[in-house]
1. Label points 7 Å out from Cα along the Cβ direction at A267 and S290: separation in nm?
2. Which order do you get for I236, I139 if you rank them by accessible area with a 1.4 Å probe, largest at the top?
3. If I stretch the segment between S24 and W212 completely, what's the gain in nm (0.36 nm per residue apart, minus their alpha carbon distance), one decimal?
4. Contour minus end-to-end for L315 and R368, with contour as 0.36 nm per residue of separation and end-to-end as the Cα-Cα distance?
5. Just from its helices, what would the mean residue ellipticity at 222 nm be for the chain, if runs of 4 or more DSSP H residues each count -39500 (n - 2.57) and the sum is divided by every residue, rounded to the nearest 500 deg cm²/dmol?
6. Leaving ligands and nucleic acids out of the surface, order Y164, Y133 by accessible area at 1.4 Å, largest first.
7. Enumerate the whole-percent occupancy of each 10 Å bin, from 0 to the last occupied one, for all C-alpha pair distances of the stretch 237-333.
8. Say the cut-off is 26 Å between C-alpha atoms; which of K47/K370; K149/K263; K149/K202; K20/K98; K202/K375; K211/K263 go over it?
Amino acid sequence: MQQIRMGIVGVGNMGSAHVKRFLSGECPQIQLTAVADIDPTRLAWAKEQLPTVKTFDSADALFQSGEVDAVLIATPHYFHPPMCRAALEAGLHVLCEKPAGVYTKNVHELNEFAKTQNKTFAIMFNQRMNPLYQKMREIVKGGEWGELKRVNWIITNWFRTQYYYNSGGWRATWSGEGGGVLLNQCPHQLDLWQWICGMPSKIRAVCREGKWHDIEVEDDVMIYAEYPNGASGVFITTTGDCPGTNRLEITLEKAKLVCEDDKLMMAKLPMSTSEFIRTASDGFAKMEYSYEEVPCPGENSQHTGICNAFAAHILNGTPLSALGEEGINGLSISNAAFLSSWTGQDITLADGENPMAAHEDEFLSLLRDKIAHSKAKTTVNTGVQSDMSSTF
C-alpha cells in the first residue's frame, strides 16, 4: 500500500495520542517517520519509546530533514499559524490540531499563504466525523424542512477543578493559552455550530473571566448570535457546572432537531410554522407532529477518520473532511465573543473568507493588553516570543 511519511511536531498529550494511532495501524496510508519537541523530557520519551522514528529538537529541523512528506502540528495554540506556514514553505503537507490559532489576523494571513502553495492543508476537526452531526448538517442544508429559525447549544459538560488549572503555569492564561473554555474545550463545537447552521452575522457575548476558578481567562460564557435570514442562536458553555449538559437544538420552519445523549431526535411538522401562524383560525391552535429518533448510520471515526482522509487526499485526491482554511470560522466566533464581552458591543461578522476583518486589529490590540498583564508563571516554551514577534 502506498503511504505518506508523517512527522509530528509536539509529542505532549495530543501528539503522543497520534503517535499511538499511527503505530497501531489505524491509519494504514500513514507511516510515522519523525517527531519533534523542544521539551527535553518529551524528546527523551520519544527516543526511548520510538526507536525506529527519527527525533528532532525543533520543528525547523524536522521540516528540513527530508524524512517526511507531511506533518501534524500538535503544539500549543499560538504556534499553530507560524508552524503551519513554515511547514508549507518547506514543501510539506500540513494537518493542524485545533484551534487554527488564537487570533484571526494571523490565521487569515496563513490561509492566504496556503492558497499559494500546491500542498494539502487540513485541520483536525474530528467531531465532523460523528454521524450525528453529519446527519444534522444534511437535514439543515438539504432545505426540505425549511430555513433555520433558531439554534441553542448548551455545552457545559467540561467540568474542571482548580487542580487542573494549576497543573501547568501556562494553562488558562492569556500569554500561555490565549483563552479558556472557548479556546481549549469548545473549538470543535464552535466549528460544528457554523458547519451545520452557517456563520452568524452578529455576535453579542458575555465571557466571565475566573468566575468559578482562580484563573485569568473565561470559564463561563453566553453567546447570542443573529443570522442573515433573521434566525437567532444561543451558545452556553462553562467549566464550572457539575453535572453538565450537552444538548444541541435546531429549530427549522417545519422541524426541530434535538441532539443529546448520543442520539438525534426529530419533530416533524406538516407545514411551516410561519404559514400556520398566518392561516390558523384558532388563537391557541397547535400543529400535530411526529417525534422520532433519526437513524445516523456510519462509523464515528474521529481523529482516525480525519487522518485517513488527509492521507487519501494527498495520495488519491479524495475530498478532505476539513480544509485548513475553515479553521478561521469557529475562531471568528470566539474572537467576536471575546471582543463583544470586552467592549460591551455587538460585533458584526462579514460574509467571506475573513469574517472578523473589520475588527481583527481592535481584537489584537486588546489581546496584547491581556497578554501584557498575564500572570502566567511560565511561557509555553522558549519559542513563543520569537514565533509571535512579527505580530506582538
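The values are calculated or read from the model by the stated rules, or taken from the named source; none is laboratory data. None of the values given here were measured: they were computed from a predicted structure. Neighbour counts run over all protein chains shown; Cβ positions are idealised from the backbone, glycine included. With ligands, DNA and RNA removed, areas are computed over all heavy atoms of the protein, side chains included. Shrake-Rupley method; radii C 1.70, N 1.55, O 1.52, S 1.80 Å.
1. My value for the distance between the label points is 1.7 nm.
2. Values: I236 55, I139 20 Å².
The ranking, largest first, comes out as I236, I139.
3. Values: separation 188, 0.36 × 188 = 67.68 nm, distance 3.97 nm.
63.7 nm is the gain from fully extending S24 to W212.
4. Working: separation 53, 0.36 × 53 = 19.08 nm, distance 4.13 nm.
Extra length available between L315 and R368 comes to 14.9 nm.
5. Working: 14 runs with 137 residues, N = 392.
Value at 222 nm, helices only: -10000 deg cm²/dmol.
6. Working: Y164 55, Y133 20 Å².
Greatest to least solvent exposure: Y164, Y133.
7. 12, 23, 29, 23, 10, 3, 0
8. Values: K47/K370 38 Å; K149/K263 22 Å; K149/K202 15 Å; K20/K98 19 Å; K202/K375 32 Å; K211/K263 32 Å.
From the list (K47/K370; K149/K263; K149/K202; K20/K98; K202/K375; K211/K263), the Cα-Cα distance tops 26 Å for K47/K370; K202/K375; K211/K263.
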